[in-house]
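The values are calculated or read from the model by the stated rules, or taken from the named source; none is laboratory data. Predicted model only: the values in this text are computed from it and were never measured. All Cβ positions, glycine included, derive from the backbone under ideal geometry; neighbour counts span all protein chains shown.
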Amino acid sequence: MSVVALQLGQCGNQLGSTWFEALIHDVRPAPGPPRTDDACYREAALERYFHSPAGSGLPEARAVLVDMERKVVARSVAMAARSGEWRYADGAAVCRTSGSANNWAYGFAGPGEHCLSEAMESVRAQVERCDRLSGFLAMMSVAGGTGSGLGTRLCIRLRDAYPKAGLLNHLTWPYSTGEVIVQNYNAVLTLAHLHGCSDALLVQQNDRTHRVCAQLLRRPAVSFSHLNAVVAAQLAGALLPARVRRDPPAGGPAAGAYLHDQLGELLQALVPHPELKLLSLHAVPQLPESSRDFTRYDWKGLLQELHRETQSPAPPPTSLARLLVLRGPDAHATPLGELAAGGSLCRWVPPEAALAVWSERRAPTGYGKSATLLANDTAVISPVEHAVSKAWRMFVSRAYVHQYTHHGVSEEDFLDSFTLLEQVIASYRQL
């Protein structure tokens, strides 16, 4: 089943183009004699995320690009075309001539019905190209105006138009030191409004991704391109084709078909309660390119490293659900070690439902093995709580509130958003 990506705002478009570039690199034919399983993997990945035109045309990303400014979208389209390996479909881009000035209210209400209708028409065109639609992957920042404001309104419209399709929102969380003076307002409004329409909200913190780039990848000067490359690789580890891992039969490794509705299975595994839908993403290894060819990839060491990462800082988070995706030789059979124990588990979750495991024999691009963990646990609450606290302090002093009320977002809308997120935080704290 196919997934349509929504690249929303500057951040969403930059990440989205990097994500599709990572996908197309991953499905390149493996070196050596052709293998049937490699061909099946490539076919499954291309069918899920690309449309293959009749004839010899390049694969076209199943994506809609939306931004209030043309520059970033035009750059994404041009970079894809220059690659010579894939492209965006004609009519996939929806642009205007001016941005939203980091104002969530303007992005949510300002562009008007015509812009939303144009975006929905582009979505409809992509959906009609799918033999079967699994759902949508919406990539956006929570800090700005277009991606967060217009993106949120578009997601609400999508839920109404496609009520049975899955909707996974990938949310780029801003640096805690601040990129935009009103970023906490924008984050609170985005998260609160998406909570009612999205099936899961995957929160990816720039602070954490920056540490990966600076400390593990040893980048001397970290750029947004570096951040996007790390996030795209982590998403690929989670969302490229995989199989449900089962105990292998006596005759050999477990086979089975690739997950047909992988997005749907992911949402089912990770969101057992409709109020608790905040996810985080962890991946190992993270190594500088100069070290990769000289590194021995050992499953035991990788899984121990992943366990340490997910259990810090102390105290370890309380887990509601987790999904582990292993890629590389013997991924179907390697012992899980401490990850299988589940750590601190929510009291009402059955132990057998606490950890789902998928695997794929094919190694990821650039590494001999990889382990990716999606987690629904209390660790993700910290940045949300921080944003709500800072936004509330600004709100009680009425700082910048007039910029929002001018475009139709009332003080009651703010209060409703604060109330909803406080309830979500309290629910996670009670796990």
Could you grab me the full set of residues in the stretch 406-415 that are in contact with a helix residue (DSSP H, G or I) (Cβ under 7 Å, 6 or more places away or on another chain) and either more than 13 Å from Phe108 (Cβ to Cβ) or at pLDDT 95 or above (or both)? Glu411, Phe414
For the stretch 120-169, how many residues are over 14 Å from Cys197 (Cα atoms), buried (at least 22 other Cβ atoms within 10 Å of the Cβ) and without any contact (Cβ under 8 Å) to a residue 40 or more places away in the chain? 0
So, in the stretch 344-395, exactly how many residues are small (Gly, Ala, Ser) and surrounded by fewer than 21 Cβ atoms within 10 Å (Cβ to Cβ)? 9
Taking Ala78 as meeting all but one of (1) of a type in the set (A, V, I, L, M); (2) buried (at least 18 other Cβ atoms within 10 Å of the Cβ); (3) farther than 28 Å from Glu265 by Cβ, write down the number of the exception. (2)
Subset of the stretch 175-199, residues surrounded by fewer than 20 Cβ atoms within 10 Å (Cβ to Cβ), within 28 Å of Ala236 (Cβ to Cβ) and in contact (Cβ under 8 Å) with a residue 60 or more places away in the chain, comes to Ser176, His195
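Residue check: is Glu360 touching a Lys or Arg at 6+ places or on another chain (Cβ under 9 Å) and farther than 30 Å from Asp298 by Cα? Even if it seems obvious, please write down each step before you answer.
Details: touching a Lys or Arg at 6+ places or on another chain (Cβ under 9 Å): yes; farther than 30 Å from Asp298 by Cα: no.
Against the criterion (touching a Lys or Arg at 6+ places or on another chain (Cβ under 9 Å) and farther than 30 Å from Asp298 by Cα), Glu360 does not qualify.
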Specify the residue that is nearest to Thr152 (Cα to Cα); the eligible residues are those in the stretch 396-406 that are touching a residue at least 60 places away in the same chain (Cβ under 8 Å) and crowded, with 17+ Cβ neighbours inside 10 Å. Tyr404
Are any of the residues in the stretch 229-237 in contact with a strand residue (DSSP E or B) (Cβ under 7 Å, 6 or more places away or on another chain), modelled with pLDDT under 90 and more than 17 Å from Trp173 (Cβ to Cβ)? no
Single residue of Leu323, Leu267 found to be assigned by TED's automatic domain parsing to the domain that holds Arg48, under 21 Å from Ser427 (Cβ atoms), under 19 Å from the mean Cα position of the chain (by Cα) and of a type in the set (A, V, I, L, M, F, W, C): Leu267
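Name the one entry in Val284, Val271 that is crowded, with 18+ Cβ neighbours inside 10 Å, β-branched (Val, Ile, Thr) and in contact with a Ser or Thr (Cβ under 8 Å, 6 or more places away or on another chain).
Details: Val271 fails: in contact with a Ser or Thr (Cβ under 8 Å, 6 or more places away or on another chain).
The match here is Val284.
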I'd like to check something: does the stretch 204-212 contain any residue that is outside any helix (DSSP H, G or I), in contact with a strand residue (DSSP E or B) (Cβ under 6 Å, 6 or more places away or on another chain) and either touching a residue at least 60 places away in the same chain (Cβ under 8 Å) or β-branched (Val, Ile, Thr) (or both)? yes
May I ask you to list the residues in the stretch 268-321 that are modelled with pLDDT of 85 or more and among the β-branched types (Val, Ile, Thr)? Val271, Val284, Thr310, Thr318
What residue, of Pro317, Pro313, is surrounded by fewer than 19 Cβ atoms within 10 Å (Cβ to Cβ) and of a type outside the set (Lys, Arg)? Pro313
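Quick one: which residue in Ser117, Ser100 is of a type outside the set (Lys, Arg) and surrounded by 15 or more Cβ atoms within 10 Å (Cβ to Cβ)? Steps first, please.
Details: Ser117 fails: surrounded by 15 or more Cβ atoms within 10 Å (Cβ to Cβ).
Of the residues listed, the single one that is of a type outside the set (Lys, Arg) and surrounded by 15 or more Cβ atoms within 10 Å (Cβ to Cβ) is Ser100.
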List the helices (runs of 4 or more DSSP H) inside the stretch 80-169, counting only whole elements, that have at least 2 residues being modelled with pLDDT under 95 and not assigned by TED's automatic domain parsing to the domain that holds Leu194. none
